[in-house]
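So that we are looking at the same thing, I have put the structure below in structure tokens.
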Amino acid sequence: MKSDVLIVGGGVIGCALALKLAEAGCKVLLMERGRLGCEASSAAAGMLSPQTESLQPDEFFNLCIKSRALYKNFVAHLKEASDIDAQLREEGTLFVSLPHLQDHADEWAQWQLEAGLRVERIPAEELERLEPAVTKQATRAIFMADDLQVENRLLMLALAVAIRRAGVTVIEGEAVTEVLLDHQQVAGVVCGSAKIYAGAVVIAAGSWSGALLEKFGVEAITIPARGQMIAVQSAAIRHVLHSSQVYLVPRNDGRLLIGATVEYSGFEKGNTAKGIRALLDAAIELVPEVADAEIVETWSGLRPDTPDHWPIIGESGIANLWLATGHFRNGILLAPITAELMMQSLLLNRTVDQLQPFGLHRFATLPALHS
Ligand SMILES: Cc1cc2nc3c(=O)[nH]c(=O)nc-3n(C[C@H](O)[C@H](O)[C@H](O)COP(=O)(O)OP(=O)(O)OC[C@H]3O[C@@H](n4cnc5c(N)ncnc54)[C@H](O)[C@@H]3O)c2cc1C
């Protein structure tokens, strides 16, 4: 039976959208070539921190702030729908300035204050009281009390249960090889030798989304940006900590995540000595007792970047083909707002106004069908 919407990619974006659509009464098929959440969405650090290092107010920043505001309900709803708690934490983020590292903390703190966001300048003595394990070299910090974090691996497990319970048909272990065209419209997808028909197709395939658009002459629209991560066993800190070189994210289970590199090395995953050394050096500098912590895991993932680092969300320019991809460093944060606005757009059959700045049209049109 033909689905209303076929989603390609079972990361946080594809799954969050599948849930929204199914709950709105749509018949949804989600196709994932590996397992749900097997790529960037499980590799992430789960920070929901749009304010850190945001240099200017723009549509992207506003989208991030709106999504953060949806997060408590998103996680509470997922818990109800799946019986899995994604461990939202609300301690906020501390951005720590170190004497030899240049940062623009004063600038972004100032415009955010003027914009009415909660930002607090914390002197060194107060920082020592809040986070005693931070290096005594720290000169001050900026506290963003409204920032959140979520255990993104649990979030993916919760989504995987919730979408099935909501009636989404999930096919894992099958890669979509091509978008299927019929009379100048998208009619479904090709998967090996099978053709699967659907009313609309949404490409939410993360870093691999661009490959599915190449047949239309559009190249390099998603660019993989590798991030290496380390987890150590340490209860040294309570807040998410940032310097301009590294971030540290404390988890409920006693792990402390250290991340992350940003490397443009193609689709190559893996950890390198150079990447791990840089992360550990920066982490130990920020919180010296990390030096004695046991390393429990290292991993890496591919963030779906785009030429201007903004996501690509909405209609593609070809009838029935939609995009929800390119969320780069903020896909966990942006999942609820992407799902909400894409669901509205699909039901209206036009991209809603809030998504207009994020259209594919800013880079390219899909020429093959326009002639
Ligand atoms: C190290 C690291 C740290 C990060 N930290 C944060 C953070 O703290 N906060 C935050 O908000 N974001 C963070 N991110 C970014 C975030 O992880 C991504 O933006 C987000 O996961 C993207 O979700 P996605 O669903 O688009 O992509 P993915 O999670 O990559 O999912 C895409 C899915 O599509 C599947 N797929 C690909 N091609 C096909 C095909 N042809 N057919 C079928 N399936 C296909 C893949 O197997 C994959 O499962 C981080 C990323 C990394 C790597």
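Tell me whether the stretch 256-266 contains one or more residues that are of a type in the set (D, E), surrounded by fewer than 21 Cβ atoms within 10 Å (Cβ to Cβ), modelled with pLDDT of 95 or more and under 29 Å from S97 (Cα atoms).
yes
Considering every residue within the stretch 329-338, establish whether at least one is part of a strand (DSSP E or B) and in contact (Cβ under 8 Å) with a residue 24 or more places away in the chain.
Within the stretch 329-338, none of the residues are part of a strand (DSSP E or B) and in contact (Cβ under 8 Å) with a residue 24 or more places away in the chain.
Modelled with pLDDT of 95 or more and more than 30 Å from N62 (Cβ to Cβ): does that describe V287?
On the way: modelled with pLDDT of 95 or more: yes; more than 30 Å from N62 (Cβ to Cβ): yes.
Here the answer is yes, as V287 does meet what is asked.
Residues that are of a type in the set (D, E): find the strands (runs of 3 or more DSSP E) completely inside the stretch 138-194 holding 2 or more of those.
178-182
I would also like to ask the following. With of a type outside the set (F, W, Y), open to solvent by 20 Å² or more (accessible area, probe 1.4 Å) and outside the structural domain of T338 (by TED's automatic domain parsing) as the only criterion, which of A283, A273, A319, A211 stands out?
Going through A283, A273, A319, A211 in turn, just one is of a type outside the set (F, W, Y), open to solvent by 20 Å² or more (accessible area, probe 1.4 Å) and outside the structural domain of T338 (by TED's automatic domain parsing): A273.
Also: Does any residue of the stretch 194-208 turn out to be within 11 Å of the ligand (Cβ to nearest atom), under 20 Å from I312 (Cβ atoms) and without any contact (Cβ under 8 Å) to a residue 40 or more places away in the chain?
Checked against the condition, which is being within 11 Å of the ligand (Cβ to nearest atom), under 20 Å from I312 (Cβ atoms) and without any contact (Cβ under 8 Å) to a residue 40 or more places away in the chain, the stretch 194-208 yields no hits at all.
Additional query: When you scan the stretch 213-280 for strands (runs of 3 or more DSSP E) that lie fully inside it, which ones turn up with 1 or more residues that are more than 19 Å from the chain's Cα centre (by Cα) and not β-branched (V, I, T)?
Qualifying strands (runs of 3 or more DSSP E): 223-233, 255-259.
Determine whether the stretch 292-312 contains at least one residue that is free of Cβ contacts under 8 Å to residues at least 12 places away in the same chain and touching a Ser or Thr at 6+ places or on another chain (Cβ under 9 Å).
Checking the stretch 292-312: at least one residue is free of Cβ contacts under 8 Å to residues at least 12 places away in the same chain and touching a Ser or Thr at 6+ places or on another chain (Cβ under 9 Å).
I would also like to ask the following. Within the stretch 302-316, track down each residue that is open to solvent by 10 Å² or more (accessible area, probe 1.4 Å) and within 9 Å of the ligand (Cβ to nearest atom).
Within the stretch 302-316, R303, P304 meet the criteria.
Follow-up question, since we're still on this one. Restricting to the stretch 151-176, and then to whatever is over 21 Å from A40 (Cβ atoms) and either within 15 Å of the ligand (Cβ to nearest atom) or not basic (K, R) (or both), can you tell me which residue is most open to solvent (accessible area, probe 1.4 Å)?
T169
Turning to a different aspect of this structure: Which pairs turn up if I take residues in the stretch 27-40 that are not assigned by TED's automatic domain parsing to the domain that holds A16 and look for partners that are within 6 Å of the ligand (Cβ to nearest atom) and assigned to a strand (DSSP E or B) with beta carbon separation below 6 Å, at least 6 apart in sequence or on another chain?
The qualifying pairs do not exist here.
Something else now. For the stretch 291-301, does any single residue satisfy the condition of being assigned to a helix (DSSP H, G or I), surrounded by 15 or more Cβ atoms within 10 Å (Cβ to Cβ), of a type in the set (G, A, S) and within 11 Å of the ligand (Cβ to nearest atom)?
As a first pass, look at the stretch 291-301 and keep what is assigned to a helix (DSSP H, G or I): 291-292.
With surrounded by 15 or more Cβ atoms within 10 Å (Cβ to Cβ) added as a condition, the list becomes none.
Checked against the condition, which is being assigned to a helix (DSSP H, G or I), surrounded by 15 or more Cβ atoms within 10 Å (Cβ to Cβ), of a type in the set (G, A, S) and within 11 Å of the ligand (Cβ to nearest atom), the stretch 291-301 yields no hits at all.
The values are calculated or read from the model by the stated rules, or taken from the named source; none is laboratory data. Just so it is clear, the model here is predicted, and its values are computed rather than measured. Quick reminder, even Gly has a Cβ in these numbers, built from the backbone with ideal geometry, and neighbours come from all protein chains shown. Accessible surface areas use protein heavy atoms only, side chains included; no ligands, DNA or RNA. Shrake-Rupley method; radii C 1.70, N 1.55, O 1.52, S 1.80 Å.
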